[in-house]
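The values are calculated or read from the model by the stated rules, or taken from the named source; none is laboratory data. Keep in mind the model is a prediction, meaning the values are calculated, not measured. Positions of Cβ are generated from backbone atoms using ideal geometry, with glycine treated the same way; all protein chains shown enter the neighbour counts. Ligands, DNA and RNA are excluded from the accessible area calculation, which covers all protein heavy atoms including side chains. Shrake-Rupley method; radii C 1.70, N 1.55, O 1.52, S 1.80 Å.
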Amino acid sequence: MAVGENPQDLVAAALQGSAGRAYLFQQAAIARAERDELLDQVLDEMAGRAAAGDDTALEALLELVHRLGLHRPAITALILDAAAVDDVAQLTLVAVERHIRSFQGRSKFRTWLHSVARNEALMTLRRRSDEPVEVLPEALGRFSSVVVGRIRIEAAVDSLPEPYASTLRLQLFDSLDYEAIARRLDVPVGTVRSRLAKAKELFREVLCER
């Protein structure tokens with residue numbers, strides 16, 4: 001069982017050879033199914049090593065993300081087209097490889113991965129702005145899906161009044177969490193939460209109007 005395994009030992013063994021890697025993947029899958037914290041511990045350990053320049057850890061991390069589809073929920077929450085989801089999933093893995101050194105362990109790797117995947121999904125939507133794309137803006141709250149055609153997400157955000165536009169922009173395009181946005185704007189976290197709630201409501205109205 002995954003419960004009780006030592007994440008450091010699992011990762012160390014996985015980086016030594018194929019047998020250890022196969023065992024780690026097996027335990028990670030079990031941990032995910034059982035919602036055991038071991039999965040996050042393993043991911044954080046591997047991501048920390050990869051961020052420090054361990055290419056073997058990075059390779060194993062990317063393979064684990066791909067096998068378990070850990071990046072897909074953030075993508076499918078925004079994009080419903082299956083082919084586009086596959087494309088964005090690949091782009092997300094490339095982005096993780098390119099930017100893994102920016103992972104500092106201040107949040108869980110899966111939280112960081114979610115932001116990377118969401119950014120790739122949003123950029124894909126902007127690149128495909130000339131084509132009708134059905135999008136479910138999970139990041140903006142649970143409301144009905146809308147069809148985003150020529151509407152550019154950035155333009156819609158920019159049309160919001162301040163301080164809602166700047167606050168939402170930091171979350172969507174800079175992938176900042178509540179605490180980071182609060183530090184950037186020098187306001188309490190509670191203020192950030194209330195601004196984002198209002199911004200999401202205004203953003204929905206803009207999309208519906210357009």
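Near the amide H of residue 79, under 5 Å away, which other amide H atoms are found, from residues 5 or more places off or on another chain, if H is placed in the peptide plane?
Correct list: 136.
For the stretch 24-116, take the convex hull of the Cα atoms, compute a quarter of its surface area, and give me that in nm², please. Numbers along the way, then the final one.
Details: hull surface 22.6 nm².
Reported value for the Cα convex hull: 5.7 nm².
Keeping all protein chains in place, calculate the accessible area per residue for the stretch 1-133 (probe 1.4 angstrom), answer in Å². Each step should come with its number before you reach the end.
Values: 6650 Å² over 133 residues.
Computed with neighbouring chains in place, this is 50 Å² per residue.
Hey, can you rank 176-187, 43-54 by average C-beta count inside 10 Å, highest first? Please list the in-between numbers first.
On the way: 176-187: 15.3, 43-54: 19.8.
Packing proxy ranking, top to bottom: 43-54, 176-187.
Return an integer: the convex hull volume of the alpha-carbon atoms of the stretch 73-112, in Å³ per residue. Before the final figure, lay out each step's value.
Values: hull volume 2.4 nm³, N = 40.
That works out to 60 Å³ per residue.
Order the peptides 117-123, 16-22, 63-69 from the highest to the lowest mean number of other Cβ atoms within 10 Å of their residues. The partial results should precede the final answer.
Values: 117-123: 22.6, 16-22: 12.3, 63-69: 15.9.
My ranking of the peptides, most packed first, is 117-123, 63-69, 16-22.
Could you please report the charge total around residue 58, scoring K, R as +1 and D, E as -1 over all other residues with beta-carbon less than 10 angstrom from its beta-carbon?
On the way: positive: 49, 101; negative: 54, 55, 59, 63, 97.
Once positives and negatives cancel, what remains is -3.
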